[in-house]
Structures are given as C-alpha cells and as structure tokens.
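J.: Take a look at this one; I'll ask things after.
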Amino acid sequence: MISSSSKGTLYGIVAILLWSTIVGLIRNISEYFGAVGGAALIYTTGTLFLILILGVPKLSRFPKRYLFWGGLLFVTYEVCLSLALGFATDRTQAIELGMVNYLWPSFTLALAVILNKQRFSILLMIGLLCAFSGLIWVVSGDNPLTIDGLWKNIQSNPLSYILAFSGAILWAFYSNLTRLMSGGNNGIVPFFLLTSLALWGQYLFSTPVEWIVNTKSITLLLITGAAIGLANAAWTIGMIRGNVTLLATLSYFTPVISTAFSSILLSTALSFSFWQGVMMVTGGSLICWLATRQKTIKPFKMAK
C-alpha cells in the first residue's frame, strides 16, 4: 500500500510535469483566441477547475497583506508570462521566452540571500553567471554569438522579452515574500480568479482578434485550463504531504522538461545550441541551489 507521503510526492511530480506543458499549451491557445483573449480564457477555465478541486476559500482567514501583495505579484507575473508567450512572433521564439521565464529559480535563490542579509558566495555568483550565459546562448539562436546579433534578436520583439524577464523577477519576489506573509494559507484560488479578471479587463480595451472556435480549440482550451489548475492543486498537496526536498530538487529540472514538451506540442525542432543553453540555465539554477543550501537558506520553492 502506498503511503501518504509517497502519494504526496507523486502529486508533486505530476504537478511539475503538468507545469512543463504550459509554455506550449499557452502558445497554442493564443493562436486560436489571440494573446489576451486566449490568456483570459485559460485562467478562467483554470479557476473553475481549482474551485471544483479545492472549493471556495474563506478570504477572512487570509492575512490582508498576503492577499494584497501576494495577489498583486501573482497576477502581474501570470499576465506577463501569458502575454509574452502570446505575443511571440513565432513558436520558436515562444520557447525562447519560456527559457527567459526559467531564470526565476536563480533569481529566487539570489533574492533569498538578500532577504536573509547574507553575502553572495562565489558559488552563487557562478550559478547566476551560468544561468545568464545559458539564456544568452538560447536567445542568440544559431547565429554567431555577438552583442549586435543578440540585440537584434531582442529588438525583433522587445515587448515579449521584457514581459518574460519581468515575470521571472516578479515570481522570485512572490516565491520569497508570500512564504513570509501567507501564514500557511494558500491563496491560489482567489489569485487565479483575480488573474482572469485582470486579463478580461485588458481584453475589453485591446484590439479585437477573431477567435477560431471549433472542437479542436475548445478541447485544447479545456486541457490547458485543467493542466494549469490541476498542477497548482497537485503541487499544494505535494508540499503538504510529500518529500519537499525531493520535489524542490526536481523542480529545477523544469526548464529541460518544459523545453522538451514545448518542442513536441509546438512541432518545433530545436537546435543543439538551443539545448546547450537550456542545460546551462538548468545547471545555473542547481548551482545556485547548492550555494544557498550550504547557507541553510530555505526560500519558498515552487515549480513553474
């Protein structure tokens, strides 16, 4: 018979796998419903799934500063990520932007050091440098690695790159600050609801995009909403009942798993240099984790 702890760990692993499909799924949905409309539909569907699974929480139990700051950071991050992927010029760039987002583990650990008022170690700086180098390697593509070439690539769609990079920073703050303010409460349901409302508000003032509504697009929307909702619900169970250390370690391999899923879901072949960059970003995150582990810093960890 499987123990409660093993089941919790299994839920956490499922959450990591589901989260790894999000980049590809969000991009697919944006091609049917537009960047803003698609994101609004995804988070509305995800909210419904979360309510069915977790129920409607009593907001009176939540610390007010957690609801405000946690909600603000969560909503802003989700909006940045979904719109960055939706506004990508093509599918390959969407996967690149997903890698920009995966700077968040390194940022989270670096911010944890700052919040704990400790000096940056050499190992932590090496990890950050490795992660940034991997990102530069990814964004440069198959072209020769030059400042001019890198800048031209970013200039092709600066809004998406800025949104994805800002999102990585926002999630680092969310991961650290909500741990301090939540009081053990999980505000994922109201945060998802706020995200969907924010996106619908933006949709009302955006340029209308014709939706492609058919069996395939609706099915894909339900799958995406279920994936993002179930992932958050499963992760919560994993953090409560499972092996947190194991799940936290596995979460740092999300960039590799996500890139593999995105390549399949978006039918996009990735070059060897792209995969080199992915491994550098992942390696940088793991080095940062080792550096902070030596200092016994325990930031709130969440795969994304």
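The values are calculated or read from the model by the stated rules, or taken from the named source; none is laboratory data. Since the structure is predicted, the reported quantities are computational estimates derived from the model, not experimental observations. Heads up, the Cβs are rebuilt from the backbone with ideal geometry, glycines too, and the neighbour counts pull from every protein chain shown. SASA here: full protein model, heavy atoms, side chains in, ligands and nucleic acids out. Shrake-Rupley method; radii C 1.70, N 1.55, O 1.52, S 1.80 Å.
J.: Under the classification rounded if a/c is under 1.5, otherwise prolate if a/b is larger than b/c and oblate if not, where does segment 4-146 fall, given a ≥ b ≥ c as square roots of the Cα gyration tensor eigenvalues?
T.: Oblate shape, in that a/c is at least 1.5 and b/c is the bigger or equal ratio.
J.: Hey, another quick one. At most 14 other Cβ atoms within 10 Å and a DSSP loop assignment: could you name the chymotrypsin sites (Phe, Trp or Tyr not before Pro) in segment 64-126 that fit? Don't jump to the answer; show the numbers that get you there.
T.: Working: sites: Y66, F68, W69, F74, Y77, F87, Y102, F107, F120; in loops: F87, Y102, F120.
Qualifying residues, ordered by number: F120.
J.: Projected onto the charge dipole of the chain (+1 at Lys/Arg Cβ, -1 at Asp/Glu Cβ, origin at the Cα centre), which of N157, N243, I122 gives the Cα projection farthest towards the positive end?
T.: Of the listed residues, the answer is N243.
J.: Please report the orientation-averaged projected area of segment 37-96, defined via the convex hull of its C-alpha atoms, in nm².
T.: Numbers: hull surface 20.7 nm².
Its average projected convex-hull area is 5.2 nm².
J.: Right, here's the next one. Using a/c under 1.5 as the rounded threshold, could you call segment 76-197 rounded, prolate or oblate? The axes a ≥ b ≥ c are square roots of the C-alpha gyration tensor eigenvalues, and prolate needs a/b larger than b/c, oblate otherwise. Please list the in-between numbers first.
T.: Numbers: a/c = 3.23, a/b = 1.26, b/c = 2.57.
Oblate, because a/c is 1.5 or more while a/b does not exceed b/c.
J.: Placing +1 at every Lys and Arg Cβ and -1 at every Asp and Glu Cβ, with all other atoms neutral, what dipole size does the chain have around its Cα centre, in debye to the nearest 20? Mind dumping the intermediate values first?
T.: Numbers: 18 positive and 7 negative charges, 270 e Å.
Here the size comes out at about 1300 debye.
J.: Which percent of the accessible heavy-atom area of the chain goes to carbon and sulfur, probe 1.4 angstrom?
T.: Working: 9710 of 14040 Å².
Carbon plus sulfur share of accessible area: 69 percent.
J.: Sticking with this structure for a sec: Heavy atoms of the protein only, probe of 1.4 Å, neighbouring chains included. What is the accessible area of M279 in Å², nearest 10?
T.: 110
J.: Right, next: Which loop-located chymotrypsin sites (Phe, Trp or Tyr not before Pro) does segment 260-289 contain, where loop means any DSSP state but H, G, I, E or B and the Cβ has at most 13 other Cβ atoms within 10 Å? Let's see the in-between values first.
T.: On the way: sites: F261, F272, F274, W275, W289; in loops: none.
Passing both the DSSP loop test and the Cβ count: no residue.
J.: Next question. For Rg and Dmax of the Cα atoms in Å, one of (1) 21.8, 67; (2) 18.6, 59; (3) 23.9, 78 was computed from the structure I shared and the rest are decoys. Which label?
T.: Matching entry in (1) 21.8, 67; (2) 18.6, 59; (3) 23.9, 78: (2).
J.: Which of L180, I16, Y32 sits closest to the plus end of the dipole of the chain, meaning its Cα is farthest towards the positive end, when Lys and Arg get +1 and Asp and Glu get -1 on the C-beta?
T.: So the residue furthest toward the plus end is L180.
J.: Quick check: residue separation of E210 and R65 times 0.36 nm, minus the Cα distance between them. What number comes out in nm? Each step should come with its number before you reach the end.
T.: Numbers: separation 145, 0.36 × 145 = 52.20 nm, distance 3.93 nm.
That works out to 48.3 nm of additional length.
J.: May I ask you to give the average projected area over all directions of the convex hull of the Cα atoms of segment 204-270, in nm² rounded to one decimal? Provide the component values of the computation, followed by the final result.
T.: Working: hull surface 29.4 nm².
For segment 204-270, averaging the hull's shadow over all directions gives 7.4 nm².
J.: Per the helix-only calculation at 222 nm, which mean residue ellipticity applies to the chain, given -39500 (n - 2.57) for every DSSP H run of n ≥ 4 and division by its residues, nearest 500 deg cm²/dmol?
T.: On the way: 14 runs with 226 residues, N = 304.
Rounded to the nearest 500, it is -24500 deg cm²/dmol.
J.: Hey, what's the chain come to in accessible area per residue, 1.4 Å probe, Å²? If you can, show how the numbers build up before the last one.
T.: Working: 14040 Å² over 304 residues.
It amounts to 46 Å² per residue over the chain.
J.: Counting other Cβ atoms within 10 Å of each Cβ, which chymotrypsin sites (Phe, Trp or Tyr not before Pro) in segment 173-254 have at most 14 and sit in a DSSP loop? Display every interim value, and only then the final one.
T.: Values: sites: F173, Y174, F191, F192, W200, Y203, F205, W211, W235, Y252, F253; in loops: F205, W211, Y252, F253.
Those satisfying the criteria are F205, W211.
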